[in-house]
Structures are given as structure tokens and as C-alpha cells.
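Structure first, commentary second.
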Amino acid sequence: MSDVGTHTTPLGFDDATANAYHADELADRATRAYTRRPGSRTPGRPPRPAIERFMGFVSPEPNTGCWLWLSGHDADGYAQFFEGRGPGFEQRAHRFAYKHFVGPIPDGLVLDHLCRNRGCVNPKHLEPVTNRENILRGHNPLRDRTHCLAGHPFDEANTYRPKEGGRKCRRCHAERERARRAAA
């Protein structure tokens, strides 16, 4: 499965492009001459364009088509990328990839990983959607549950929805009420 979903964009890149970036990056690291920055006494490298640094952390995965992020991830598992130096330059890497290869993210929308892999930065696997749609598409163990903790089914006859949200098992509620009345 090389592409996930049906999201199409007018992009001029593919996995071969990512592989070429990665190969060029490795060759460049091996041959780069260190130069002195103006006004500096210590040798250093000239700053590289953000996209070159970005692609140096990408490893295309041939089976899924994901571009796996080889650098840092945040506590939620999303790839992190520093576009520049200093505060305010950190962002999630998939957002940088989408902005660079596709264009700006529409206002009011978030990017959904169609491949369900938070460490993937392949713009073909990203789709701008509302936050609500993104949440509904995601995995939610409570929503996906088919039975209550006591094993009763969450079906039309046995489920009620309280005002505060969620869902409750009618049989469990009835058993709790019986026990409460017997104890009183």
C-alpha cells in the first residue's frame, strides 16, 4: 500500500524524491568543508536551508509509503522540527512538510494523518480536516467499546445517554439502584 486514502495534491515529489534527498544529504555531510562564520573565532558551518535539514531526518518506508521521522518526537509521538534557531521556530514536522510541499494549511483546519502514524511526515498522507472530523476518525477506546465493564452489550435497548454526555448501561444502573435501595 503506497498511498493511503484518496487525497491527491498537485505535488512534484514521490518516494524517489525523498530517497534522493536522503542520499544527497549523506554525501553532503561527508564532503562539506567547515567554514568560519563572519565575526566568529571558531569554525562553523554556514546555515543550511530548512528543507535540506528536514529531508536529512526523513527515511521513506517502502511498504506503507510513510516518510518516517528519524529525529525527535514530542510526548504524543508527533515528529518535531526546528525551522530556525531560537524560540518560536519549533513546530510539528508534518505541518512543516505540508506547508513546504503542498501549501498553507487552511484556517480553522488541522492535519489528519491518513496513515494513522504520528511519526509520518509524508504530505501525501496528510489531509486538512476540522478538529471534530480528526477526532472522530481517530482511535477512541471508549467510543469503540461494544460492551460495558460487566459484559452487557451497548445496544439500543440497553444503552442510555445522560445529559452530561457519554453512555451508560441500563442493566448496570438498575442493579446499582436495587443494591442502593436494599442497603437503605
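Take residue 153 and tell me if it is more than 18 Å from the chain's Cα centre (by Cα) and under 25 Å from residue 73 (Cβ atoms).
No, not satisfied.
For the range 69-105, enumerate the residues that are part of a loop (DSSP other than H, G, I, E, B) and of a type in the set (S, T, N, Q).
Residue satisfying the conditions is 71 alone.
I'd like the full set of residues that are aliphatic (A, V, I, L, M) and assigned to a loop (DSSP other than H, G, I, E, B), limited to the range 128-181.
149, 150, 157
Going through 102, 121 one at a time, which residue ends up being over 16 Å from the mean Cα position of the chain (by Cα), surrounded by 12 or more Cβ atoms within 10 Å (Cβ to Cβ) and within 30 Å of residue 52 (Cβ to Cβ)?
After applying the criteria, what remains is 102.
Scan the range 149-161 and give yes if some residue there is among the acidic types (Asp, Glu) and in contact (Cβ under 8 Å) with a residue 60 or more places away in the chain, otherwise no.
No - not one qualifying residue is present in the range 149-161.
Taking the range 36-62 as the search range and keeping residues that are closer than 23 Å to residue 78 by Cβ and β-branched (Val, Ile, Thr), which one is modelled with the lowest pLDDT?
51
Table: residues versus (1) of a type in the set (Lys, Arg); (2) assigned by TED's automatic domain parsing to the domain that holds residue 56; (3) in contact with a Cys (Cβ under 9 Å, 6 or more places away or on another chain).
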residue: 99; (1), (2), (3): yes, yes, no
residue: 106; (1), (2), (3): no, yes, no
residue: 110; (1), (2), (3): no, yes, no
residue: 116; (1), (2), (3): yes, yes, no
residue: 122; (1), (2), (3): no, yes, yes
residue: 131; (1), (2), (3): no, yes, no
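The values are calculated or read from the model by the stated rules, or taken from the named source; none is laboratory data. Note that the coordinates shown come from a computational prediction; the quantities given were computed from them, not determined experimentally. Please note: Cβ atoms are built from the backbone with ideal geometry, for glycine as well, and neighbour counts cover all protein chains shown.
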